[in-house]
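Here the structure is laid out as structure tokens; the discussion comes afterwards.
Any read-out appearing in this document is the output of simple, stated calculations on the displayed coordinates, not a laboratory observation. What you see is a predicted model, and the numbers here were worked out from it, not measured in a lab.
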Amino acid sequence: MSYEVAETAVIYPGTVIGDGCQILDYAVVGKQPTLSPRSTAKKEELPPLELGAGTIVSTGAVVFAGTKLGERVIVGDQACVRERVEIGADVVIGRGSLVENDTTIGALTKIQAHAYITAYSTLEDDVFIAPCVTTTNDNYMGRTEKRRDLIKGPTIRRGARIGGAAVLLPGIEIGEEAFVGAGAIVIRDVPARAVVVGSPARQIREVPDDELLENQT
């Protein structure tokens, strides 16, 4: 088994590095989190980070312990993937993006630059997240203990596409193959194949047949 590690990279003990991985300049992998006493994240010693074969952790990126990355994942320059995240094969995490704790991301998903994927989110396979998308998980914005039982990020179903700078409110579901237009503020669930735009987002049509995943070559 062979892999490439830059001299300036930091690899924490126990990190599992698959064959053909690249860990580039100033990347940090396997880091344990430092949490505020008021954090909603679980406070526990985490198992080692696992990097699947062929994965690239780019310059200045940080990937925490307790996370599993599938094969051929790319974590872009200065991106961050927090603890207890599971990422499928062939996923791209764009430059400067942040994937928060306890999130699941399916295979072939693309997250472009400076997107924010909040904690407790689910992204299924073949999801597309455009630059500067923001997801949220807390309707109480840090106040009252009630929030601890209700915190939940969005669920984004297979093949859904989220346009640039869209904002998704806590706990909503974006249906399979749905399309959220750039700058939309999504405050309620979006049906499968629906095209929604505006603030608040409203449906204007359905995704045409020729744009569905099953019809791509």
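To check you understand DSSP bridge types, tell me what percent of the beta bridges within the chain (both residues inside) are antiparallel, rounded to 5.
Antiparallel: roughly 10 percent of the beta bridges in the chain.
Per the helix-only calculation at 222 nm, which mean residue ellipticity applies to the chain, given -39500 (n - 2.57) for every DSSP H run of n ≥ 4 and division by its residues, nearest 500 deg cm²/dmol?
Value at 222 nm, helices only, nearest 500: -500 deg cm²/dmol.
Anyone know which of Ser36, Ser58, Ser199 comes out most mobile in the 10 Å Cα GNM of the chain?
Looking only at Ser36, Ser58, Ser199, the largest GNM fluctuation is found for Ser36.
Assuming a viscosity of 1.002 mPa s and a temperature of 20 °C, what translational diffusion coefficient in µm² per second does Stokes-Einstein assign to the chain, Rh being the Kirkwood radius over Cα pairs?
Estimated via Stokes-Einstein, D reaches 122 µm²/s.
What number, in nm² with one decimal, is the all-direction average of the projected area of the convex hull of the alpha-carbon atoms of segment 132-217? Spell out each step's value before the answer.
Numbers: hull surface 23.9 nm².
Directional mean of the projected Cα hull area for segment 132-217 stands at 6.0 nm².
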